[in-house]
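Step one of this worksheet: look at the structure below.
What follows draws every value from the coordinates through simple rules; no lab data is involved. Values in this document were obtained by computation on a predicted structure and should not be read as measured data. Neighbour counts are summed over all protein chains in view; Cβ atoms, including those assigned to glycine, are modelled from backbone coordinates with ideal geometry.
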Amino acid sequence: MKEEIVIAGFGGQGVLSMGKILAYSGVMQDMEVSWMPAYGPEMRGGTANVTVILSDERISSPILHEYDTAIILNQQSMDKFEKDVKPGGTLIYDGNGITRHPERTDINIYRVDATEEAARMHAVKTFNMIVLGGYLKVKPIVKMENVIAGLKKSLPERHHHLIPMNEKAITRGGEIINEVSLVE
Amino acid sequence: MRELKLMKGNEAIAEAAIRAGVDGYFGYPITPQSEVMETLMAEKPWETTGMVVLQAESEIASINMVYGGAGCGKRVMTSSSSPGVSLMQEGLTYLAGAELPCVVVNVVRGGPGLGTIQPAQSDYFQTVKGGGHGDYKLITLAPASVQEMADFVETAFDLAFKYRNPVMILSDGVIGQMMEKVELKEFKPRWTADYIEQNHPWATTGKKKDRAKNIITSVQLEASVQEAFNHKLQNKYQQVEENEVLFEETMCDDAEYLVVAYGSSARICQKSVELAREKGIKVGMLRPITLYPFPTRQLQERAKQVKGILSVEMSAGQMVEDVKLAVECKVPVEHYGRFGGSVHSPGEVVEALEQKLIGG
């Protein structure tokens, strides 16, 4: 099994930490992982993205030009990464702020309105965990127990009391994600 | 007990240094390597192993603090990124001229000048061809994973003390910033004063009555003395070239084409090799792990077998010169690489292979 993912959005949306939790979940499941952030000036107030790879075998390149899954959280990232999803691959996006929705018909498209849901849950900061939950519903590559273990590893101990809230957000993400049909 | 952690290459360097029993780290922050000192400061090794961690006032100060520590037989290191390493060149040639061991990490970013904070491999010439003045060499290790970032710290110190020579770990922004699984080694104690005195009698540890002064210097005003010293250095470098070459080969046995790449570019090319093989192109990869000494002989061997070689590096073409020198025009050698902070993708390397070697 190998899953090559890009997560892209605004700085501050928790893009990098979502990637880190996913990578740590892979470590907990005894998989090979890599986490490669775009650390350049673009992440300072602009867009942020991270490439995460989980694999049963040794990972070659941490840098990719096409992805099994793109998780897209703003319009700039949609413009940049929609074309880079492998044919037959998966695109997951939050509709908030998206003015041009994805148009490709050779990939599977899902929508998870996590911004809206996080606001409804009065837990804006769990936004990225709602997205992660949506992703794991579509691609259950790591077990929930390993995600929780990954959360524990990536959060400092003083934040461990927030784990149940994050777990709830992950579950909620799985419930609200919907496949978008482009076949009219 | 295997302890697996997910960490950045820069963090791995810091953790490995503490565990290897390093005596001192002197540095000055610069992206993309600042996590080295940040991690050391957070870990506070001065409270556990007694390791000194000090933010110097500049890179020039850092390398000269290293010079001082190394002169006392201590295991000392610094790290920086390209513009900072340029500032260290005077110190490096003095260290080489005084035959002092130390480890310097360069997490390379795009240049020239202040350049960009994004990854590059354009400091190859500076590292393996000199950088500072005079006939000296830096033993150079090029890690291609976070695990190697950790492992090479101790390897580098071993080599530095074996040959009394500075060792460079030449990394880049990709390996420094990415996170991977790392297995860290057990803690080793720092060397005691007695150990240093017995095993490194050249060190300035305080003169005893029964021995002559230890003088550490890189100045020999008499030309004949300086020439003799240079011969000594050259003999040492010959030993290094004979004994310390490290490389890794992937899918080379039946290869008709060869990619040569180091560090993060080698990781990218590993994927390119997989993609090209799917297309039926028989390509293999040779990854130099030591850039100095360079795996010249192995390249000569592979040149007998392949139709062409592509040197892939994140520069305008630096290592390609060493590949060409090794191959002696026996097969075509081409260069490919993005640079100035841009990183080539696995697909771009396959395209270059097809256009420059196969289709061409």
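Here are a few things to note about the model shown:
- Placing a pseudo-label 7 Å from each Cα along the Cα-to-Cβ vector at residue B:247 and residue B:185 gives an inter-label distance of 2.6 nm.
- Taking other residues whose beta carbon is less than 11 angstrom from the beta carbon of residue B:136, and scoring Lys, Arg as +1 and Asp, Glu as -1, yields +1.
- For B:174-183, mean number of other protein chain Cβ atoms within 10 Å: 6
- Antiparallel %, DSSP beta bridges [both residues in region B:4-193], to 5: 25
- Per residue of chain B, the DSSP helices (runs of n ≥ 4 H) give a summed -39500 (n - 2.57) that works out to -12000 deg cm²/dmol at 222 nm.
- Backbone N under 14 Å from the residue B:204 label point (7 Å along Cα→Cβ), restricted to region B:217-255: B:217-219
- With an a/c value under 1.5 for the gyration tensor axes a ≥ b ≥ c computed over the alpha-carbon atoms, region B:247-358 is described as rounded.
- With a 10 Å cut-off around each Cβ of B:345-353, the average count of Cβ atoms from other chains is 2.
- Least to most buried among B:99, B:38 (fewest other Cβ within 10 Å first): B:38, B:99
- Counted by neighbouring Cβ atoms within 10 Å, the residues B:172, B:151 run from fewest to most as B:151, B:172.
- Percentage relative contact order, chain B, counting C-alpha pairs under 8 Å, at least six apart: 18
- Cα gyration tensor category, rounded, prolate or oblate, for the protein assembly as shown with a/c compared to 1.5: oblate
- Sequence-distant contacts, meaning Cα pairs under 8 Å at least 6 residues apart, place the relative contact order of region B:247-358 at 29 percent.
- Computed from the Cβ-Cβ distance with R0 of 60 Å, the FRET efficiency linking residue B:46 to residue B:129 stands at 0.95.
- Between residue B:224 and residue B:236, the modelled labels are 2.3 nm apart [label points 7 Å from Cα along Cα→Cβ].
- Among B:273, B:331, a tally of other beta-carbon atoms within 10 Å of each Cβ gives an order, fewest to most, of B:331, B:273.
- For region B:310-351: relative contact order, % (alpha-carbon pairs under 8 angstrom, 6 or more apart): 47
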